[in-house]
Structure formats: C-alpha cells, structure tokens
1. Taking 0.36 nm per intervening residue step and subtracting the Cα-Cα distance, what contour gain separates residue 226 from residue 160 on full extension?
2. Express in whole angstrom the spacing between the alpha-carbon centres of the stretch 161-222 and the stretch 77-135.
3. Suppose R0 equals 30 Å; then what is the FRET efficiency for residue 90 and residue 172 from their Cβ-Cβ distance, rounded to the nearest 0.05?
4. Hey, any idea what Rg/Rh is for the stretch 65-242, computing Rh the Kirkwood way over Cα pairs?
5. Can you give the Kirkwood hydrodynamic radius for the stretch 83-139, in Å, rounded to one decimal and based on Cα pairs?
6. Estimate the FRET efficiency between residue 199 and residue 107 by the formula 1/(1 + (r/R0)^6), using the beta-carbon distance for r and 51 Å for R0, to the nearest 0.05.
7. List the relative contact order of the stretch 110-153 as a percent without decimals, with contacts defined as Cα pairs under 8 Å and 6+ residues apart.
8. Can you give the FRET efficiency to the nearest 0.05 for residue 126 and residue 210, using r as the Cβ-Cβ distance and R₀ = 30 Å?
Ligand SMILES: Cc1cc2nc3c(=O)[nH]c(=O)nc-3n(C[C@H](O)[C@H](O)[C@H](O)COP(=O)(O)O)c2cc1C
C-alpha cells in the first residue's frame, strides 16, 4: 500500500478540509506567520474557506515572547509570576520566568522578548532591592520596550485613596531612582502568611494591618490577590503595548 503523501502540511490536523485546500492553507499558514493580517484578508468567503480562516486565525495567531521577572520574600510575588506565566501559556504565548536575585538577571537578553513584566513586592515601604538592581541595570532598555510593573503590597488591598497615593509613591521612587519608566502599572494586593512569620514579621504585619484599618485573623494565612483583575491587566498590556 502506498503511503499517503502528506506533503509539507502543518503539524496539526485540519479536520474536514479537502487536500487542495490543505496545501493552500499550509502556504497561508506560513505567510500568516510573517504577515497575519494579509493572510486573513486573502481567505475567501465560502463556508470551507470561512472554516479555514477560523483555523488560521486561531492556530497561527502570532504569540508574544514575554519575560516575567520577579523577586519575592514571602512567596506571593513568586506565585503571581508563576500564575501569570500559566495564564500566558493558556493564551498560547511563550513566557520565561526569571528570578531577579539570580545571576541570569544580570544578562537577561531582553532583545529576545516582545515584552517584559516585572513582579515586585513591597516591604518596609519600598520595592524589593533585587528589582531596584534589575531596573538600575536594564532600565534604559526596559523603558524603550513594552514593559509593565506589577507592584505587590498590602496597601493595594485597602482600597482607600490615601493608600493608593502611597502605592504610587513606591512606584515613583522606583522609577525616579532607576530611570525605568514602565508603560503600565498594576497594583496587586499580596498575602500575609501569619503561620510562617517569625515574631518580628508577625509584629510588623499586625502593625501594618492596623494602620490600614483592615480586619484579619492574625493566626491564619490570608491571600488578598484579585486574580481576574491581574489577568485582565496582563491581557490588556499584551493587547495595547505589545500588540498581541
Ligand atoms: C515584614 C513585612 C513588611 C511589609 N511591609 C509592607 C509595606 O511597607 N507596605 C505594604 O503595602 N505592604 C507591606 N507588606 C506586605 C507585603 O507587601 C505582602 O505580604 C506581599 O504579599 C509580600 O510579597 P512576597 O510574598 O512576594 O514577599 C509587608 C509584609 C511583611 C511581612
């Protein structure tokens, strides 16, 4: 039995589309990789072709290569970086997660990415020192490319205008001292892991909670992060600033 000539077809199945159409689609798919809007325009109006157009739009949509840089003391910013990465994978983008305290953060090869998202926790009224270091080293390049800051703090959980003002100041100081001007900023509420805190951290966290007029059980862990709002910010950043 002769093996079917599968030609140069794409590695995914095109259910119900005739062979000629498959060949045409393959060419279309290839050109869509370099010029997606022209490829979509060139697809005709018949039912089969509409199905083909849907296939091309879905399968060959250009994805974004995104670098996610984080620093974390208690783990919440690391969790945010990981879940933002999972969210990007679900949307067929290509994320890379980098710890700002690692040696690799000194040479992040920023030219390989379409955008950068930095996840930075606030402790003692300032963003993490490793984020300062990263922004000091790469701020100029970051400012020229689509870059976003996710600032993680307890102030973001309070919802009071004066606390929002304080969060903005943390970001202004980071930008002023490093020269990095992110194109988009999201204020994400963090978490308090009372069960893991030592005496000093528990005392600090309780003081903070009191100052912010929040009511929490100081014996339990509590996560304030609004995940839908966070993913919404990431999607918007990719659409508006990265164009993907
Ligand atoms: C010792 C300590 C100090 C903190 N200082 C601040 C602060 O000054 N302002 C603030 O908004 N949140 C503050 N927080 C809350 C943290 O921003 C929040 O716990 C965040 O989730 C920490 O991120 P990480 O888990 O990635 O380290 C503090 C938390 C701790 C434990």
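1. Numbers: separation 66, 0.36 × 66 = 23.76 nm, distance 1.61 nm.
Result: 22.1 nm gained on full extension.
2. The stretch 161-222 and the stretch 77-135 have Cα centres separated by 18 Å.
3. 0.35
4. Details: Rg = 15.8 Å, Rh = 16.5 Å.
With Rg and the Kirkwood Rh in hand, the quotient comes to 0.96.
5. On the way: mean 1/r = 0.0792 Å⁻¹.
Roughly 12.6 Å, rounded to one decimal.
6. Working: r = 39 Å, r/R0 = 0.77.
E between residue 199 and residue 107, to the nearest 0.05, is 0.85.
7. Reported as a whole number, the value is 60 percent.
8. Details: r = 20 Å, r/R0 = 0.68.
Given R0 = 30 Å and the Cβ-Cβ separation, E is 0.90.
All of the numbers you see were taken from the coordinates with simple rules; none came from a lab. These numbers were taken from a predicted model, which means no experiment stands behind them. A quick note on method: Cβ atoms are made from the backbone with ideal geometry, for glycine too, and the neighbour counts reach across all protein chains shown.
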